[in-house]
Amino acid sequence: MKTVILTILILWLVSAHASEKQNVNFYDYSIGVSYQYLTASDYQATNDSVTIDGGNAHAIGLYYKGEPHRYLQFATGMDYMYMEDTSPFTQSVKNEFTGQISSKESSITGFAMYAEAGFKFAPQTVERMSFGVLAGYRYNNIERAVFNCDSCERQTLDDFESSLYAKAFFEYQLTQNVHIQLNYSNFFADKGFDNAIGLHISFMGL
């Protein structure tokens, strides 16, 4: 359902600007914000002490994108991630101010860094639109812990694999400074993320 809503939003934005005929050039470099909805496979650490029964994750971050040639594109960025914890652990937590003791469940959070590069194509018959294919590498640093509890147990998910991935994208320029990109990524990892759908929005051309 989220994928359908996201696709409808993209198509609406494109159609809303399709009547504008003036030629607006892409900036060669830009900075923007990104969102990804990722799916994860079952995960179990090598010491059999940490288990994740698959699930979904949300990632939001900043990226820097460059186009040194009309047929080339690269990007690098950093994301903050939150993942649905299907097998959380529970700990008793004492409030430092009130002294009240309550049970809190763990959550899975972390960050990721990535770099990608590949080819883009802009049809001459369609203004402001382009598409392409990128290859990249994503580094994940993820842990399961109780939020805002320094003394609670922490499970570092070291085997939640960083991996290579392939990405297909569709891009449309709204204004001289703002463009949107809808993309789909497939990760080449035995454990960790399987695939993702994402949205990139630039807010500063360089």
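None of the figures in this text is laboratory data; all of them are computed from the coordinates on show. None of these values were measured; they are calculated from a predicted model. Backbone-built Cβ (ideal geometry, glycine too); neighbour counts: all protein chains shown.
What you get for the range 88-146, charging only the Cβ of Lys and Arg (+1) and of Asp and Glu (-1), is a dipole of about 40 debye around the Cα centre. For Gly192, the amide hydrogen comes within under 5 Å of the amide hydrogens of Ser41, Glu161, counting only partners 5 or more places away or on other chains and with H modelled in the peptide plane. For the range 141-206, the Cβ-based charge dipole about the Cα centre amounts to some 300 debye (Lys, Arg positive; Asp, Glu negative; other atoms uncharged).
Protection proxy ranking of 95-107, 67-79, 177-189, by the mean of other Cβ atoms within 10 Å over each peptide's residues and highest first, is 177-189, 67-79, 95-107. The Rg/Rh ratio of the range 113-206, with both radii computed over alpha carbons and Rh defined as the Kirkwood radius, is 1.12. A simple rule links phi to the HN-Hα coupling: the Karplus curve 6.51 cos²θ - 1.76 cosθ + 1.60 with θ = phi - 60°, which for the range 165-177 gives 8, 10, 10, 10, 9, 10, 10, 9, 9, 7, 9, 5, 9 Hz, with x for Gly and Pro.
A simple spin-label model places pseudo-atoms 7 Å from Cα toward Cβ; at Ser87 and Val178 they are separated by 4.4 nm. Principal axis analysis of the Cα atoms in the range 52-166 yields extents of 66, 29, 20 Å, listed in decreasing size. Placing dummy labels 7 Å off each Cα toward the beta-carbon, the span from Ile31 to Leu62 is 0.6 nm. Measuring nothing but how far apart in sequence close Cα pairs (under 8 Å, 6+ apart) lie, relative to its length, the range 46-146 scores a relative contact order of 25 percent.
Distance between the modelled labels on Tyr71 and Gln100, one decimal in nanometres: 6.4 nm (7 Å Cα→Cβ projection).
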